[in-house]
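The values are calculated or read from the model by the stated rules, or taken from the named source; none is laboratory data. As the structure is a prediction and not an experimental result, all values here were calculated from the model. In this analysis, Cβ positions are derived from the backbone assuming ideal geometry, glycine residues included, and neighbour counts consider all displayed protein chains. Areas reflect the complete protein model, heavy atoms only, side chains present, ligands, DNA and RNA absent. Shrake-Rupley method; radii C 1.70, N 1.55, O 1.52, S 1.80 Å.
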Amino acid sequence: MPGKKSAAGGTVVSSESLPQASVKLKRRFPIGQDWQLYALLFVPMLYFLVFKYIPMYGVTIAFKEFNMFQGVWSSPWAGLDAFREIFLMKDFYKVLRNTLLLNLLDLIVSFPAPIVLALLLNEIQIKWFKKGTQTILYLPHFISWVIIGGMVYQLLSTNTGLVNHLLKASGLGVIPFLTDPVYWILTYVGSGVWQNAGWGTIIYLAALTGINKELYEAAAVDGAGRLRKIWNITLPGIKPTIMILLIINIGHMASIGFERPYVLANPLVTDVSDVISTYVYKVGVQSARFSIATAIGLFQAVVGLIFLLSSNYISKKVTDQGIW
C-alpha cells in the first residue's frame, strides 16, 4: 500500500510496506543480518585457506629441480623428469602395492567394524552400561600410535612378548606376529581395528537416532525379532551414511598414514611394511630429494581423486547414493 500524504506535506510510510522493505534489505545485505553465523564460518574457512590451499603452490616443486637455497620460484624447471624417474624405480611399485593392499584389507575389515559395534550398542537397553561401553570403546582413539606400537611390541614380540610367553607356558609354539610378513599384516590390521572402531561408531549412532521408532513398534506387532528389525529397518535407515563413508574410504585407498606403518615396521618385514608415506619420508627427508618426494605425493593425490570420483559415480548408478 503506497504511503499517504501528511498534513505537513510529508509522506508517511504505511505499516504494510515496512516488512517488504525489511525483506528487500535482507536479500541485498544477507551478511549484515546473519553476521554471527558468518563469523563462525570464518574460522574454518581461514584454516583451510592457510593450511590447505596456500601450501598448494609447493606442488610446483614436482616440476622443478628444487634447490632449497634458491627457493621454490627461483629453482630451474625440470618438466616431468621427476615423474619419469619414479616410474622407473622398482621400489615405487612395491610401496604402491603395499599401500593398496593394506588399505584394501583395512577397508574389508575395519570399515564394517564400527557398523557392527553401533548395531550392538543400539540394542543395549541399560543406559549406564551403554554409556560406559561407549567410553571404553572411544578411548583407544586418543592413544598415540607411538604408545600403541610400544604396547604391540610388549604383547606380541617373539622373545619377550606376553602373548608368546603364555603360548610357551601352554605348550604351544611361538607365533612370529612382528617378524613374519603374513602375521605382521594381521597385526597391522587388527591394531587399526582396535584403535579406530570405537570412534567410528559415533557417526553411525548419530544416524541411528534419526530412524523413526514407530517402524520398530510396527515390526514388533508383525512379530519381527531383533535380527529382522536390524536387517529390514536399521540397516536401510543408515544406508546413506554407510555409502557416503564408504566412498570417502575408497577415495583414501592410495593414501595412508605415516605413524602406523612406521611404528610397527621393522627390517624383517620391509617387503610388506614399506608404503608411500614412509617411502616419501625416506626419499624426501633422509635423502633430501624433495622433487621426487613431491612428485610421489602428487601422484598419490591424483590416484586418490580418481578412486573417489569413480566410487561416487558407481555408487550413484547402483544405489542412487553419493556425495554429490
> What is the P(r) of segment 133-278, as percent of Cα-Cα pairs per 10 Å bin from 0?
Replying inline: 10, 27, 27, 19, 14, 3, 0
>> For SER157, what residues show an amide H to amide H distance below 5 Å, using hydrogens built from the backbone and excluding near sequence neighbours?
In response: LEU162
> Which far-off residues, 5 or more places away or on another chain, put their amide H under 5 Å from the one on LYS64, with H placed in the peptide plane?
Replying inline: ALA78
> So what are segment 74-197's ellipsoid semi-axes, whole angstrom, largest first, if each one is the square root of 5 times an eigenvalue of the alpha-carbon gyration tensor?
Replying inline: 37, 25, 14
>> Considering the Cα positions of segment 122-180, please state its Rg to one decimal place and its Dmax as a whole number of Å.
In response: 16.6, 44
>> For segment 198-324, what are Rg and Dmax over the alpha carbons, in angstrom?
In response: 21.2, 69
> What helices in the chain pass both tests, a Cα length along the helix axis of 15 Å or more and a mean Kyte hydropathy of 0.5 or higher, using whole DSSP H runs?
Replying inline: 35-48, 90-109, 112-123, 145-156, 181-208, 239-251, 290-319
> At a Förster radius of 22 Å, what calculated FRET efficiency corresponds to the Cβ-Cβ distance of ALA169 and ILE147, to the nearest 0.05?
Replying inline: 0.25
>> Keeping every protein chain present and rolling a 1.4 Å probe, give me the accessible area per residue for segment 27-128 in Å².
In response: 73
> Among residues other than ILE124 whose Cβ falls under 15 Å from its Cβ, what is the net charge (Lys/Arg +1, Asp/Glu -1)?
Replying inline: +4
> Per the 1.4 Å probe, what fraction of the accessible area of segment 256-324, in percent, lies on carbon and sulfur atoms?
Replying inline: 65
> 222 nm [θ] for the chain, helices only, -39500 (n - 2.57) per DSSP H run of 4+, per residue, to 500?
Replying inline: -19000 deg cm²/dmol
> For labels at ILE248 and LEU155 in the simple 7 Å Cα→Cβ model, what's the distance in nm?
Replying inline: 2.7
> Can you list, largest first and rounded to whole Å, the semi-axes you get for segment 50-139 by taking the square root of 5 times each eigenvalue of its Cα gyration tensor?
Replying inline: 48, 20, 9
>> From the convex hull of the Cα coordinates of the chain, what is the mean projected area in square nanometres?
In response: 31.6
> What is the distance, in nm, between label points placed 7 Å from the Cα along the Cα-to-Cβ direction at VAL285 and at ARG97?
Replying inline: 2.6
> Given LYS239/LYS317; LYS229/LYS317; LYS239/LYS316; LYS94/LYS282, which pairs have Cα atoms separated by over 18 Å?
Replying inline: LYS229/LYS317
>> Can you compute the modelled spin-label distance between LYS127 and SER310, with each label point 7 Å from Cα toward Cβ, in nm?
In response: 4.9
